Amino acid sequence: MNKLVKALAAVTLGSIVVCGAAACNKDTGNVDKEGNTIVKILVHVDENTPEGQAYKKRVDAFNTSYRDRKIKASISFKARSSGAGGYEDTITQKFKKGTLDDIIAFDSPNCAAYANSKILYDSTDLVDAATKADFYESSLNVYENKLYGLPIQESSAGFYYNKRIFNEAGIDVSGYTVENPWTFEQFNSVCQQLKDAGKKPLSMQLDNIKDETATYLLYPFVYAAGGSFNDSTGYTAKGYFDSEASKKGYEFLYNLVQKGYTDSTIKDSDFFAGNAGMLLSSGWTIPDIEIKYQANLGNDWGILPYPKGATTASAMGSWSFGITNNGVKDKSAAKELLLWMTSPESSKIITDATGMIPARKSVTTNYEAGSPRDVLMKQLASSGKARPATPAYPTFTASFCNVAYAIADKNTKLADLNSKIATAADSVQAEMDRIKNRH
Amino acid sequence: MLTTTIIILAVFVAAFAAFVVWDLVKAKKHRERFRVKSTATAYLMLLPAVVLAFLFILLPILYSLGYAFTDYYSLTPDDINFIGFDNFADAFKEIGNKGMLYHAIINTLIFVVGVVPLQIGLALGLALFVNRKKRGVKIFKVCFFAPVVISLSVTAFLWLEILSPAETGLLNSLLGIFGIKSHDWLRDPSTAMLCIIILSAWQGCGYQMLIFLSGLTNIRSELYEAASLDGAGVWSKFIHVTLPGLRSTLVFVIITVFIGACRVMIQPMIMVGYQEHVVTLSYYMYQQGYSFRWVGYSSSIALLMTIVIGTITLVQRRLLRGK
Amino acid sequence: MKLNTVVSDEYVFLHKKRLKGKRIAKDVVYYVCGIVLSLLFLFPLIYMLAASTKSESAYVSDAGSMAMFLPDFAHLGTMFDNYGKVFTDYGIWRYALNSFLYAAIVIVLNVLINGLAGYVMAKLRFPGKRLLSFLIIFLIVVPVETSIIPLYEIVSELLGLSGVMTVAGVILPAAISIFNIFLFIQFFEGIPKEYEEAARIDGASTIGIFFKIILPLSKPIIATVAVFCFIGVWNDYIWPMMILPYPEPGEWPLYPIQNAINTIQNIPGVTTGEKMASLIVTSIPIFIVYVAAQKYIVQGFGSAGLKM
């Protein structure tokens, strides 16, 4: 009796194992049982968010449209969280296992590092010139003159301002537009007027210099001052990050703090509560104000562009889709999905859900002229400058934050700031060397 | 991966076998014997723990050790090369240049030296406070333990609000009542680590309080009565009855709090960011490994940390057990 | 007091009254100190509770004043709206259920596996024991921060777990804890061997002794281990985030509760009040568990002796 039971157990267990193994091997390669080429796409958001839903809708539409051409897309969601176990770890671990999706979403500053590490596939020949021309030039994910991805959407940032406070202080900014932006001097003058009127002039979210937000908001000032961060190869920072022109950019920000126009005690919540004149923030804040802060701000607010130094520069950059080097040789199916997910139609649907700016110029929007969204979109087209393209980007942003942190401290002397800039440039250079020498 | 694992497994089985043989030989010398049945039972009962510990504790540590000698860059997981001691050389160079690693070491040292006595002192004080049979003492115990229950990241966020540099920040407004000017506690290098030390001790002392409470219950009350008869006062009783009675508990608490303190990472990460005046060893290691993608280098720092912490712990054990 | 002095009843009465007065004064001082200390430890929770009842504009206007510790009494009707939203819109109860399930399995496995190991190390003699003793002390000291990437590789590559089976990848590593083995060893060493000897004379096997004699005697240490296992599983989110797959639409999500909390924190448009409400919801079960098991934990640590 015992032996019978044992035999039965063995057979059951055995068959479970076999069935399990068989189930795992359902689809060999990327062609399914009906002859469809499967294209897998991995996105960085939770499915239950408006953005996730938008992606899902587009993938479903793709499948309907390509049913005859026998291409089927399948979407996975891996909500990003910073650090361990995050989205990037998913990508690298899948890459290692050889199961990386055909298309991944990636944050545009990571393009250089992913391209350099051969995670992204050189798609230069897959996308025709007409399509490329429909994107903003600094928006295309190009590294070493090759194209590695197309933006899903774009972004911009600007100076939100409280119209009631400006009126009370007698400040007229109607002349400052994207076409005719205010200069550094005019910007300082407005801040001074706010300060003289007894208001908190400006919040640059200096209380939160912990992540990419700070870099994103502040880096354009270095470009606007005529400076830069690295050379075109992405492997030299010394002489760029700490050039004289770049230093003018850091000093402009430094002086804002020194003159008392802003510091780490003036937070974004002060602006939302109606207590600060201006807030430097990204386009994300528009829906925030519209949904959460109606009570305190109403419709009495607008957006001003980044001020002009030696030139104009404003923040830009968001996530992109790119084809991966996942071992699949024939990229034609992936190309179809890539072009579909970044088409003008997708662009419109996705940005309607996220509130970001469409990355494709041909997408028509009906923003009222002069409205906040309109200002940001025009600014992107006219002065958007991408963050530095270098494989050492994480170190760049950490080092930039070190400098920003010193700037935010009222007690920093100019000599300290300059030495911090030098140290930061050295760190970035060291990291660039390290990555370069690895190969 | 499979081959490396099998090799490591083989090494361990061999080492274990060697120990078994050694024990058998020793036993034979002493004319003792190990009974086959009880040995087999022992091995069987140990099996699940050994298998799980091997797979999920030992193996990752050994891999980490291995990576410390490679140039593992997380974006190129297929391209891992052995580079000998290069990572360690880089680490020492960074310390020599007074780079982030240097600051991480200093800050970790400051934190440990500050938090260990503070947290243990608080815990002991609270334990003595609640070690009575009064009504309501149970409520106090729950209150003191409350911060332990909240995860460290939530605590960090809350204290971020409290230490906010604005005049309306909680601490600043409280001090403002006494006319003290508001201060950017976390930005000022002279107060940042101090604040982190205090809030960390605050968060953790409830846990050690429990351990001390259990230690106190093991001290026989006759000892206190005898001391009273000898005319001892409260302080004297503490020094001569309580402390010696808590001896082994103290050793345990000191060692565990010390090891935990060396690993501080969440507080500076959430409250300040990757800045010189608060970066700690674990934070540095995490940043190098997960943000900058240098898994190999990060593992080498982990190895160095382990060696230092391990050595100090062993020394502590010897010293504290001493008498 | 001199023993042979005749003392009047009145004197004794007044003296006792004075002593009682002193005692009451001491009690008052004690309780006041206790309350002050308790507030010091509780105030962030009070702050969180208060914030969880507020809408965003109420929260922002209260910030910075003493009102931040007070619930939103002005809007009594909507005070618990945030909680409603957390439960319905964000479906937190599914994740809570997952966490309870994982915790239950982890606790049972933890007690069995580590308890068995602890018993063997504490009570049995066998060759090779010394290597294992050394390993136990060694493994307690080593930091685990960098082990996450190799651990991920082991679970996904070596063991090839995927899909629903990744739950095993969350539960099994949590089922083994060298520290808990250490606690069990210390506790079992304190159990007098007479119990086992009596059982052996009656013919019990080693395993039988473990389940029928040792475990019932070990309630305090089991409670301690169970409580800390529960807290660990409940608060864990980095590892489950790495390992567990994203649920297909309509599928039951596999994530435990802390991941849901993190997702909620990052949803665009979530208000501070909603964030706080979700944090309070996660903290409550731990509180309850702790309060219920408090007595056992103290006993558990106490009997363990804790000799390092």
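For residue A:367, project a label point 7 Å along Cα to C-beta. Then give me every residue of region A:122-166 with its amide nitrogen under 15 Å of that point. It comes to A:136, A:153-161, nothing else.
Using the Karplus relation 6.51 cos²θ - 1.76 cosθ + 1.60 with θ = phi - 60°, the per-residue 3J(HN,Hα) values for region B:141-158 come to 4, 5, 4, 5, 7, 3, x, 5, 5, 6, 5, 4, 5, 5, 4, 4, 4, 4 Hz, with x marking Gly and Pro.
Straight-distance candidates among the lysines for linking to residue C:17, with alpha-carbon spacing under 26 Å and chain neighbours fewer than 8 residues away dropped: B:133, B:134, C:2, C:26.
When the C-alpha to C-alpha distance is required to be over 27 Å, the pairs from A:94/B:93; A:210/A:292; A:292/A:420; A:195/B:181; B:26/C:219; A:56/C:54 that qualify are A:94/B:93; A:292/A:420; B:26/C:219; A:56/C:54.
Give the average, rounded to an integer, of partner chain Cβ atoms located within 10 angstrom of each Cβ in A:90-99. Before the final figure, lay out the partial values.
On the way: counts 4, 2, 8, 8, 2, 5, 8, 6, 1, 2.
Averaged over the peptide's residues, the number is 5.
Computed with a 1.4 angstrom probe on protein heavy atoms, the B-C interface buries about 8200 square angstrom of accessible area in total. The distance between label points at residue A:311 and residue C:93 comes to 5.9 nm (points 7 Å beyond Cα on the Cα→Cβ vector). Here the spin labels are modelled as points 7 Å beyond Cα on the Cα-Cβ line, and at residue B:190 and residue B:47 they lie 6.5 nm apart.
Before rounding to the nearest 500, sum -39500 (n - 2.57) across all DSSP H runs of length at least 4 in chain A and divide by the residue total; then give [θ] at 222 nm in deg cm²/dmol.
My calculation for chain A gives -14000 deg cm²/dmol from helical runs alone.
Applying 0.36 nm per residue to the separation of residue C:73 and residue C:101 and subtracting their alpha-carbon distance, the gain on full extension is 6.4 nm.
One chain, two ends: residue B:174 and residue B:32. Fully extended at 0.36 nm per residue, the span grows by 44.0 nm beyond their Cα-Cα distance.
With R₀ fixed at 25 Å, the C-beta to C-beta distance from residue B:137 to residue C:46 puts the FRET efficiency at about 0.75.
Computed from Cα atoms, the angle from the helix A:414-438 axis to the main principal axis of chain A rounds to 20 degrees. Once the Cα atoms of helix A:372-383 and of chain A are each reduced to a long axis, what angle between those two axes, in degrees from 0 to 90 to the nearest 10, is obtained? For A:372-383 against chain A, the angle is about 90 degrees.
Taking A:64, A:324, A:395 in turn, the Gaussian network model of chain A (Cα-Cα springs below 10 Å) assigns the largest fluctuation to A:64.
Based on the alpha-carbon gyration tensor of the protein assembly as shown, what equivalent-ellipsoid semi-axes (square roots of 5 times the eigenvalues) come out, in whole Å, largest first?
Working: eigenvalues 545, 330, 150 Å².
For the protein assembly as shown, the ellipsoid semi-axes come out as 52, 41, 27 Å.
Spin-label model, residue C:219 to residue B:198: label points 7 Å out along the Cα-to-beta-carbon direction sit 4.3 nm apart. Within region A:297-335, name every residue whose backbone N is under 20 Å away from a label modeled 7 Å from Cα of residue A:34 along the Cβ vector. What the label zone holds, given the 20 Å backbone N cut-off, is A:333-334. Judged by the ratio a/c of the largest to the smallest principal axis of the C-alpha gyration tensor, region A:207-365 counts as oblate, that ratio being 1.5 or greater while a/b is no larger than b/c. For residue A:200, the residues whose amide H sits under 5 Å from its own are A:277, ignoring neighbours fewer than 5 places away on the same chain, with H placed 1.01 Å from N.
Measuring r between the beta carbons of residue C:14 and residue C:295 and using R0 = 41 Å, the FRET efficiency lands at 0.50. Shape call for region A:350-439 from the C-alpha gyration tensor, a ≥ b ≥ c root eigenvalues: rounded (a/c under 1.5), prolate (a/b greater than b/c) or oblate? Oblate. Prolate is the label for region A:106-230, because the ratio a/c of its alpha-carbon gyration tensor axes (a ≥ b ≥ c) is 1.5 or higher and a/b is greater than b/c. Taking amide H positions as modeled 1.01 Å from N, with prolines and chain starts lacking one, the residues under 5 Å from residue A:143 and 5 or more places away or on another chain are A:148.
The calculated FRET efficiency for residue B:1 paired with residue A:433, based on their beta-carbon distance and R0 = 45 Å, is about 0.90. Taking each residue as 0.36 nm, the span from residue C:33 to residue C:80 lengthens on full extension beyond its C-alpha to C-alpha distance by 13.6 nm. Backbone geometry of region A:194-211 corresponds, through the Karplus equation with coefficients 6.51, -1.76 and 1.60 at θ = phi - 60°, to 3J(HN,Hα) couplings of 5, 5, 4, 7, x, 9, 6, x, 8, 10, 10, 6, 6, 7, 10, 8, 10, 9 Hz, x marking Gly and Pro.
Amide H to amide H, with H built 1.01 Å from N, residue A:301 comes under 5 Å of A:163, counting only residues 5 or more places away or on other chains.
When exposed loop sites are taken as chymotrypsin sites (Phe, Trp or Tyr not before Pro) in a DSSP loop with at most 14 other Cβ atoms within 10 Å, the longest stretch of chain B clear of them is B:179-323. The residue list C:91, A:393, A:380 was ranked by how far each Cα lies along the charge dipole of the protein assembly as shown toward its positive end, using unit charges on Cβ atoms, and C:91 comes out on top. Computed from backbone phi, the HN-Hα couplings of region A:294-301 come to 3, 4, 8, 10, x, 10, 8, 8 Hz, rounded to whole numbers (Karplus: 6.51 cos²θ - 1.76 cosθ + 1.60, θ = phi - 60°; Gly and Pro given as x).
What is the mean number of Cβ atoms from other protein chains located within 10 Å of the Cβ atom of each residue in peptide B:273-281, rounded to a whole number? Present the calculation step by step, with values, prior to reporting the outcome.
Values: counts 10, 9, 7, 5, 1, 0, 0, 0, 2.
Whole-number average of other-chain Cβ neighbours for B:273-281 is 4.
Rg/Rh for region A:170-240 (Cα atoms only, Rh after Kirkwood) is 1.07.
Using a 10 Å cut-off on Cβ to Cβ distances, tally the other chain neighbours for every residue of C:31-42 and report the average as a whole number. All intermediate terms of the calculation are to be shown ahead of the outcome.
On the way: counts 5, 0, 2, 9, 4, 0, 8, 8, 1, 4, 13, 5.
Going residue by residue through C:31-42 and averaging, the value is 5.
The mean of 1/r over all pairs of different alpha-carbon atoms in chain B, once inverted, gives a Kirkwood hydrodynamic radius of 23.8 Å. When both region B:156-207 and region B:71-97 are represented by their alpha-carbon centers, they are found 38 Å apart.
Which of A:248/A:308; A:163/A:410; A:200/A:267 have a Cα-Cα distance over 18 Å? Show your work: numbers first, answer last.
Numbers: A:248/A:308 13 Å; A:163/A:410 28 Å; A:200/A:267 10 Å.
Correct reply: A:163/A:410.
The values are calculated or read from the model by the stated rules, or taken from the named source; none is laboratory data. Note that the structure is a prediction, hence the values are computed from the model and not measured. Methodologically, a virtual Cβ is constructed for each residue, glycine included, from the backbone with ideal geometry; neighbour enumeration extends over all protein chains shown. Protein only, heavy atoms only, side chains kept; ligands, DNA and RNA dropped before computing areas. Shrake-Rupley method; radii C 1.70, N 1.55, O 1.52, S 1.80 Å.
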